[in-house]
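Let me begin by presenting the structure, written as structure tokens, before commenting on it.
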């Protein structure tokens, strides 16, 4: 275990944080006994603290004082060992914790260390004459030691004092250090390691000569790059940026806690919380190294604050009277583990807060704890802050008080959505209390249900359901809530039983009857009883759409929204499902007393997945996770799981892994297996192991099949198809898809039936042992045609639709339908058809020729001419000749004009115009496009392009440019023929584009206008779609090749402002959705456009702060500060300055103490 000083100084690992630096004068028994680190990490991870080392080593000079001040567990000692190793200077180490407090022994030990540093100097121990003054002898001897160093030595050395905080104020050893600091010369430098600052460590002489440096506790905490490097070394594997970010945020870069987390990462998957036994190791360390050094008064103050956090001065002063009289100013310096939130209140790191709460049980007796919680509960009830008051009432265990608080505040708590608070209060209620107040008990059950505690909700509701002589209206409500709980648990038969009773007992148009019918329809859907489901949806729809009934919009949506997902999607009626969900989102956004919005947003995301619109699905599911995080944890789990699957299928694995962990953490709130199945499918999608993929998909499929959850069962099969290229056994994929096809056929889920048929036919075309007859394929195609399911073939990313279409056309299967699809694929479809045109039957060739002629695909002319000359049938020859003639006499081709990122004009089928004849012809077209639809007089054109020549020459130049432009747009146009694009009337020029033409700036402007309007209306997801498309179109600034042309500048500025407005709207939406990576990208883009955009810097700082990346946030501030100073000579705004102050509060606090 023993190592040389050089070896010890080169290692910075998990041992460092548990004081292994003391091995030189002690032992490592405590560490090895508790952590067994030597066994787990035989090769220690090496982390060079270059961020701290390089500035110090560059500026370090003889005669300097360096103080390293930081809390326990920050690795102060090991950092200094690294430093002295890199300085490569002789050094002596004075471990004050292991030395005797005797002044004589202290000076003798210093003499021994001086001998290590300066071997040529002869030192002798302190001698005290009989009856002499020990202090005078020791001080005199030490002065003599320093004299010898100055006289006899020529080399430089460093003296390190470790654990200086144990030296009490006024101790004689303080005078020894004071003598040393007063006599610092070019031969001696001093490093002092301490947990607490001291005035002795800032001597005026050294301050004046700038020979003092400090490293504070906040500096010693790892930044995110060091966290990543440490985890990689400690665990011998790389972690994703998302995992590192989570670890950094969880530990706040605190090395002691990070070391424990590394132990967990070495054994568990990332994001696993530290086990309690590992916390015990940290707590034992804190107790030995920190807690034992505090006074009793300080311990009571800290323990009290931990019971009240988050706290401020007012809270502590109101509750601490008679418990601890420590003043606020004296309290704050006691711990460096404090953080201040946006409301100005203080709180501890989570691990340290738990440590203090445990210590409070030893510091306070039971009576004092009761008094503290009682005062706190009363204080928070007066504010009123019922949530925090509840915590203290429950700590007291006063059930009567808890019941009274619930009675007085339950209405406000329900309105505010404080369901978890209500659920916690409910734990203190007795059964008799609940039976005596059934209406309050029902509120508790509803709150428990929304908080995800379905067991408590069911227990309370069943108790109420069995009560005799309960009012009928209340009884019906209880029955409906019990049915809803059963519905969440997947107990559909019990849903039917309860709802049939409620339906029978309710009046004809009563709300309870209609709500029961909704639940019955959903339950029958899950039980695959389609006739009964149809019957009940008919009843529900009749009431919900009856304009004479006094129903609010959210009431109608409450009844109809479930029909979208449980009825219309199953029957392939996607447009109607989308309409109902959109209507529900609008209604619930305005009024949502039953908190159904999270469900509807989730359904919307699931619908978009069915349509293969994964980007839109991602946005809706992100909104669902946000809205459900507090009011419905079951929806939160499902939405997070489906979002993780969507992201991995979009190729965004890191984001997917983060949401997967959120889904796992909340999976227990979903009492069905729905969430667990999606989690398992996502794990398969993220895996690269063939064995693991098969195991995960088999597990997911079997679990979904056992509970008859057809939707997620199909997802498992579809994932098997999409992952078939990862060397999955063909029989496995065929088996899963075939079973889902059989289910879909039985249940008459048409779109799923067609999709499975296409997948199996694709597998057959790929040469696998799978047989789908032409009749089965025709049936699937007929389903697509009849139900308008073209997206199954045109939008499916895992299906080679062109290969399937090629097979069908060659066989003459559904020719008209496929030609319609190829028309929708545009030029790409025409080109694909051209690849196998010669293989097609004659009649199909005729139909393809007609398609090409109608689409103006003139590249097909050689193929049609060849086909016309090779066919024998006169009729076929005549029809091909007709199509060929149409292609040879086409109307003007549409133009696609691009000005953003560079000028480009394409004519017709992607034909780029290269020859312009004259530069001014090209410029003239740009000018006409920018001023469209306004006509431009000839004198404006001449003034713009030929301002410095006389009128006759300018007119001649204009006519030459017009001729060149006509020829460029229409090669071969006769001199006096009218142009199809450029119109001239009475000396005024106007651009007239044929149908199908496009101009990118017009499309960009329309998308931005629509996106901003939708955002103002609160339709964030739709707004985001428009704005993202607008950003995609804006590849770069307008006409960058004409950077210095005055006539371009106003238009360039106009579109640049529109881009900034759209990006800021996207940033605002992304910030609300917590899409941090996307927000960072947008912020950097905004800053690139406008380096003085302080709003973008503010957003970027906030994003980094929310992710625990404090160093990155400070870099953003410094970047902004430097830019504003250099370019505008202005300071940052108050908002930026406030953010910076929040980031540096701990560092500034430590500096003030020092």
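Is the shape of region 795-895 rounded, prolate or oblate, going by the alpha carbon gyration tensor and its root eigenvalues a ≥ b ≥ c, with a/c under 1.5 for rounded and a/b larger than b/c for prolate? Oblate, because a/c is 1.5 or more while a/b does not exceed b/c.
Distance distribution P(r), region 637-703, all Cα-Cα pairs, bin width 10 angstrom from 0: 26, 54, 20, 0 percent.
Between residue 1135 and residue 314, full extension at 0.36 nm per residue minus the direct alpha carbon distance yields a gain of 293.0 nm. According to the square roots a ≥ b ≥ c of the eigenvalues of the Cα gyration tensor, what is the shape class of region 686-765, taking rounded for a/c under 1.5, prolate for a/b larger than b/c otherwise, and oblate for the remainder? Verdict is oblate for region 686-765. Reducing region 535-579 and region 759-834 to their Cα centroids gives an inter-centroid distance of 33 Å. Between the helical axis of 597-610 and the longest alpha-carbon principal axis of the chain there is an angle of about 60 degrees. As I understand it, the value is the acute angle between the Cα axis of helix 255-267 and the longest principal axis of the Cα atoms of the chain; what does it come to in degrees, rounded to 10? Its long axis makes an angle of about 50 degrees.
Rounded to the nearest 0.05, the FRET efficiency derived from the C-beta distance between residue 1081 and residue 913 at R0 = 51 Å is 0.90.
Using 0.36 nm per residue and subtracting the Cα-Cα separation, the extra length available between residue 950 and residue 1127 on full extension is 59.4 nm. The three principal axes of the C-alpha atoms in region 1074-1153 carry coordinate ranges of 42, 34, 16 Å, sorted with the longest axis first. Using the average count of surrounding beta-carbon atoms within 10 Å as a protection proxy, the listed peptides 69-79, 50-60, 989-999 rank, highest first, as 69-79, 989-999, 50-60. From the alpha carbon centroid of region 835-895 to that of region 656-705 is 52 Å. Per residue, the chain reaches -20500 deg cm²/dmol at 222 nm when only DSSP H runs of four or more residues are counted, each adding -39500 (n - 2.57).
With the cut-off at under 18 Å, measuring from each backbone N in region 893-925 to a point 7 Å along the Cα-to-Cβ line of residue 990 picks out 925. Between rounded, prolate and oblate, where does region 505-579 land on the alpha carbon gyration tensor, with a ≥ b ≥ c its root eigenvalues, rounded for a/c under 1.5, else prolate if a/b exceeds b/c? In terms of gyration-tensor shape, oblate.
Suppose R0 equals 60 Å. What FRET efficiency, 1/(1 + (r/R0)^6) with r the Cβ-Cβ distance, do residue 329 and residue 1006 give to the nearest 0.05?
Numbers: r = 61 Å, r/R0 = 1.02.
So the FRET efficiency works out to roughly 0.45.
I need the Kirkwood Rh of the chain: take the reciprocal of the average 1/r across all distinct C-alpha pairs and report it in angstrom. Answer for the chain: a Kirkwood hydrodynamic radius of 36.5 Å. The label-point distance for residue 940 and residue 1053, in a model that sets each label 7 Å from Cα toward Cβ, rounds to 1.9 nm. Computed with the Debye formula from one identical point scatterer per Cα of region 895-996, without solvent, the log10 of I(q)/I(0) at q = 0.11, 0.14, 0.19 Å⁻¹ comes to -0.32, -0.52, -0.99.
Remark: spin-label model distance residue 1090-residue 931 equals 2.9 nm, labels positioned 7 Å along the Cα→Cβ axis.
If you take every DSSP beta bridge whose two residues both sit in the chain, what share of them, in percent to the nearest 5, is antiparallel?
Details: 17 of 39 bridges.
DSSP beta bridges in the chain are roughly 45 percent antiparallel.
Pairing the Cα long axis of helix 492-505 with the longest principal axis of the chain, what angle in degrees results, from 0 to 90 and rounded to the nearest 10? Once rounded, the angle reads 70 degrees. Computed from the C-beta positions of residue 295 and residue 134, the FRET efficiency with R₀ = 25 Å rounds to 0.30.
Label positions at residue 665 and residue 794, each projected 7 Å from the Cα along the C-beta direction, are separated by 4.2 nm.
The packing ranking, built from the mean of other Cβ atoms within 10 Å per residue, places the peptides 868-876, 396-404 in the order 396-404, 868-876, highest first. Residue separation of residue 706 and residue 179 scaled by 0.36 nm, minus their Cα-Cα distance, works out to 181.6 nm of gained length.
Packing here is the average count of other Cβ atoms within 10 Å per residue, and on that basis the peptides 578-584, 951-957, 285-291, 428-434, highest first, run 578-584, 285-291, 428-434, 951-957. Considering only alpha-carbon pairs that sit under 8 angstrom and 6 or more positions apart, the relative contact order computed for the chain is 6 percent.
None of the figures in this text is laboratory data; all of them are computed from the coordinates on show. In this text the structure is predicted, and so the values were computed from the model without any measurement. With ideal geometry, Cβ positions are generated from the backbone for all residues, glycine too; neighbour counts draw on all protein chains shown.
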